[in-house]
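Structure first, commentary second.
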Amino acid sequence: MIHSEKAYGKINLAMNILGRRPDGYHEVDTVYQSVSLHDDILFEASQTFRLTCSRNDLVCDETNLAYKAYTALLPFCDGPRPLHIHIDKHIPVAAGLAGGSADCAAVLRGLNRLWKLGLSPDTLRKIGRALGADVPFCINGGIARAGGIGEILVPLAPLPQWQVIILHPPVSVHTDKAYVLFDKASGLAGTDVGEMTAAVASKSFTRVCDAMSNTFETLIMPHVPAVGECMNLLRRRGLRPLMTGSGPTVFALVPSDTDGEELAAAIENETKTTEVILTTLQ
Ligand code: ATP
């Protein structure tokens, strides 16, 4: 029998970087929001452990975050647990959408259930924190303000299921390289994440759009022209664009009086290389 678990991606509605810590991690202040765009993680009985993925450019060895999640749970078991884990990948990779962290969290959740380990969400978040800064958020998802390296989570009241249009240009940005740019920069304008939490509480579409800000944007844009091009595609249609995480993906919330499908099709016509994804807040 095959069990499955959904691994939802995320966007950052606001993202501030507070500084580098002595251990090399960076302190952040951010509002994470899950989106319906997800990978499917399938668990199937097997004679040996196997990890496979629908995308053959994604390595399925011990560096894969799904593999790391499986390994991290073995000490909680009383014997070997051979299993086939398959990742049906839909979330763009190295895109700022936390696809790897989402897979990792989904494997932790799924195996906790399948193996009846009885680990609390808090314990899963602690295990996940050692595997990646976005993993603790991905355990429960929804919407939350996060501090520390992303693991100190304060859940916020959910927003309506607004549509989101996501533009993913064909370039990768690795988060560690983006943080190097931050370390070298000076005089950066910060992001007022408090304004975003107030906007989220108000549930006002306009206020949330106005509060959208990401400190990584000014760092990444000069190095990755595709980010600015995606932003212009959205701006020309009257939308408020924002880069998510360390990019290069750009998103905009879609006003309720706009036909999201039509908008996505129109933008798709204008761009040859950028992936256009219409999804909703999850
Ligand atoms: P984040 O926003 O959490 O920093 P991201 O969305 O920018 O992440 P991911 O898609 O999570 O990026 O991929 C980051 C790196 O993790 C990639 O270099 C990729 O090779 C590696 N990785 C390991 N496991 C996975 C996985 N299951 N899915 C995607 N990427 C993975």
Kindly sort F216, F49 by accessible area of their heavy atoms, largest first, with the probe set to 1.4 Å. F49, F216
Over the chain, with a single point scatterer placed on each C-alpha, what log10 of the ratio I(q)/I(0) does the Debye formula yield at q = 0.12, 0.15 1/Å? -0.74, -1.14
Heavy-atom accessible area of the chain with neighbours in place, 1.4 angstrom probe: carbon+sulfur share in percent works out to 52
Can you give the accessible area per residue of the chain, in Å², using a 1.4 Å probe? 45
For the chain, the count of lysine pairs 8 or more apart or interchain whose alpha-carbon atoms are under 23 Å apart comes to 15
Tell me the angle of helix 225-235 to the major Cα principal axis of the chain, expressed in degrees between 0 and 90 and rounded to the nearest ten. 70
Let me make sure I get this right: for region 163-280, a, b and c are the square roots of the gyration tensor eigenvalues over alpha carbons, sorted descending. Under 1.5 in a/c it's rounded, otherwise prolate if a/b > b/c, else oblate. Which is it? oblate
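The values are calculated or read from the model by the stated rules, or taken from the named source; none is laboratory data. What you see is a predicted model; the values in this text were computed from it and never measured. Note: accessible area is taken over every heavy atom of the protein model, side chains too, but ligands, DNA and RNA are not part of it. Shrake-Rupley method; radii C 1.70, N 1.55, O 1.52, S 1.80 Å.
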